[in-house]
Structure formats: structure tokens, C-alpha cells
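Beneath this line is the structure, given in C-alpha cells, with notes to follow.
The values are calculated or read from the model by the stated rules, or taken from the named source; none is laboratory data. Keep in mind the model is a prediction, meaning the values are calculated, not measured. Every residue, glycine among them, receives a Cβ derived from its backbone with ideal geometry; neighbour counts consider all protein chains shown. We work out accessible area using only protein heavy atoms, side chains counted, and drop any ligands, DNA or RNA first. Shrake-Rupley method; radii C 1.70, N 1.55, O 1.52, S 1.80 Å.
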Amino acid sequence: VGASALADALVALVAPFVAAPARAALMFDLDGTLAPIVDDPAAARPIPDALPILERLAERYHTVAVVSGRPVAFLAEVLPASIVLSGLYGLEGRVGGRFTHHRDAARWRPVVTEAVQRAERGAPDGSLVEPKGLSLTMHYRGRPDLADAVNDFAARLGAELGLAVHAAKMSVELHPPIAVDKGTAVRSLAEGADAALYVGDDRGDLPAFAALGELAGKGTSVARVAIGGPEVPGELAAAADLVLAQQSDVTALLAALVPS
Ligand SMILES: [Mg+2]
């Protein structure tokens, strides 16, 4: 869509939110949504324009949250203190400056540590192992030819250690087999809100969209926004109320959400 069509679509989308921000929850994925995808995952940062707007939104809205597969320790380094954080798909959190853990997560920490050690020793040469505390991501963005080898390695490791394995963009993740995903995180963050918005770019965001679909069935105003582009999964775009053409358009969405 062109600039003016985007502006019109945004005005319609945000109307229930700007009308009653104190009753609304705004939730965002980080990588590929608030932050451009970069080759080195440790170098990912939210687009600088977004940060002051997020802080303004956090002053006015009931909840402004980032829901990510990243550990909360990383999210806390790159996002303002006023933003609620849900990390590792809800295994970790930060609300009002307090750090929290899912009650079943702690006993899996040594298992994940062993998975990291085995991956660092045995993962296909050229892939990148990223330990995340309670989870582990194996990347092949720099070597797309290794996709099958890395996925096979992760599947074997997950089966041996009892960890759950999830495919993501140019990567595969191993998690404790605890039933959390972005859907459980969004259900908890949006509890009691009259309006709930979620923005994401990847397969892991589908459960968040599904959770909003359930809330819509109970009368909540919802907005599901997908970041478009060549890598967006077709199911996510199909389930979205609005597809932004590119990641940088998220700034226009954030600006539109600022109540007048
Ligand atoms: Mg993402």
C-alpha cells in the first residue's frame, strides 16, 4: 500500500485503542518487528525512532509489552524500563521492574546447559549457537546451505535431552517442554483489557494472533498486525488484520497509537 493508504488503514486500526488507552494492551515482538533482523543476533536493537514513542505509549496505555523468544536479560538491555517484558515465550518476565520466572522452568536449566555444551561441540561447522539461559537457538542465517544439517542436529539433541524443538527464521530453537508460547504470554498480558494489539513477523507469532482471535470472540477489540516482506510466513499474513509492507513501517503504527 502507498503512504496515504497506509495512513488511512492505521487510523481505522488504532481507533479503539486511542479512544481508551487505559483499557488497552499493546504487545510487540522484538526481532523483525521493533528491531530489524541482523546477521549477529547479539547486535539486534529496536529502531531508535521507536523507543521514545514506546515510552510515551507506556505512560498512557494499561500495558505496553514486548513478547519475545529472547531472554528477559537481553530485552531489559535494549528496551526502556517502563515496557513490560515477556521473554523466552513467557518462561521469564519483567513487570514494573520486577523479574519473574515460570514456576516449572528452573529444573530445566541444567538440561539446557548440557544442550548448549553439546551444540558448541557438535553443531555443524558454520552454524551459530546462541545460549539464552533457559533456551538455545542454533542459527544458519550466515550459511543457508546448512539448514537441513542444523535442523537434524537440533532434532536429535532435543529428542535425547527431552527438549522441545521449534523452527524459526533461519534458525531452530530448543526449549524446556513447558506449554508456553506467545499465545499463553498474550492471554496473560491482555487479561481484563478491552482492546488488545499484537505485532509480529514470524511463525512464533501465530499463537499470539490465535489468542487475540479468542479474545475477539469474547468481545475484546483486537488488532493483529504482521510485518510483511519476502520472509513473512503466508499463514501469518493471512491471519493479520493489517500487513505492513516493511519493518520500518512499525514506527508509523506506534506514532498512530499515541493518543491525542
Ligand atoms: Mg520476530
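Conditions tested, residue by residue: (1) without any contact (Cβ under 8 Å) to a residue 60 or more places away in the chain; (2) open to solvent by 50 Å² or more (accessible area, probe 1.4 Å); (3) more than 16 Å from the ligand (Cβ to nearest atom).
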position: L174; (1), (2), (3): no, no, yes
position: A179; (1), (2), (3): yes, yes, yes
position: R187; (1), (2), (3): yes, yes, yes
position: G213; (1), (2), (3): yes, no, yes
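Would you check if V95 is closer than 15 Å to A185 by Cα and within 13 Å of the chain's Cα centre (by Cα)? Steps first, answer last, please.
Details: closer than 15 Å to A185 by Cα: yes; within 13 Å of the chain's Cα centre (by Cα): no.
Judged against the criteria, V95 is not a match.
Of the helices (runs of 4 or more DSSP H) that lie entirely inside segment 1-94, those containing 1 or more residues that are within 16 Å of the ligand (Cβ to nearest atom) span 50-60, 72-78.
Just need a number here: residues in segment 189-209 that are away from the ligand (no atom under 12 Å from the Cβ) and touching a Lys or Arg at 6+ places or on another chain (Cβ under 9 Å). Quick ask: steps written out before the conclusion?
Here is the first cut: in segment 189-209, the ones away from the ligand (no atom under 12 Å from the Cβ) are 189-197, 207, 209.
Checking which are touching a Lys or Arg at 6+ places or on another chain (Cβ under 9 Å) leaves us with 192-195, 197, 207, 209.
The number of residues fulfilling the criteria is 7.
If you check P124 against the conditions, is it more than 16 Å from the ligand (Cβ to nearest atom) and either at pLDDT below 95 or touching a His at 6+ places or on another chain (Cβ under 6 Å) (or both)? It is false that P124 is more than 16 Å from the ligand (Cβ to nearest atom) and either at pLDDT below 95 or touching a His at 6+ places or on another chain (Cβ under 6 Å) (or both).
Among the conditions (1) part of a helix (DSSP H, G or I); (2) within 19 Å of S86 (Cβ to Cβ), the only one that V199 does not satisfy is (1).
In segment 219-228, the condition of being within 28 Å of R23 (Cβ to Cβ), at pLDDT 95 or above and surrounded by fewer than 17 Cβ atoms within 10 Å (Cβ to Cβ) is met by at least one residue. Within segment 66-123, being without any contact (Cβ under 8 Å) to a residue 60 or more places away in the chain and aromatic (F, W, Y) holds for F74, F99.
Kindly indicate whether A115 is surrounded by 21 or more Cβ atoms within 10 Å (Cβ to Cβ) and closer than 11 Å to L174 by Cα.
On the way: surrounded by 21 or more Cβ atoms within 10 Å (Cβ to Cβ): yes; closer than 11 Å to L174 by Cα: yes.
Judged against the criteria, A115 is a match.
Scanning segment 228-244 for residues that are under 16 Å from D31 (Cα atoms) and touching a residue at least 12 places away in the same chain (Cβ under 8 Å) yields G228, G229, E231, V232, P233, L236, L244.
Determine, yes or no, whether R143 is closer than 19 Å to D40 by Cβ, of a type outside the set (F, W, Y) and over 22 Å from the mean Cα position of the chain (by Cα). Spelling it out, R143 is indeed closer than 19 Å to D40 by Cβ, of a type outside the set (F, W, Y) and over 22 Å from the mean Cα position of the chain (by Cα).
Could you list, in sequence order, all residues of segment 140-153 that are in contact (Cβ under 8 Å) with a residue 24 or more places away in the chain and among the small types (G, A, S)? Before the answer, list the steps.
Going residue by residue through segment 140-153, those that are in contact (Cβ under 8 Å) with a residue 24 or more places away in the chain are 140-142, 144, 149-150, 153.
Residues satisfying the conditions are G142, A149.
Residue count for segment 240-251 satisfying the condition of being out of contact with any Lys or Arg (no Cβ under 6 Å at 6 or more places or on another chain) and open to solvent by 40 Å² or more (accessible area, probe 1.4 Å): 4.
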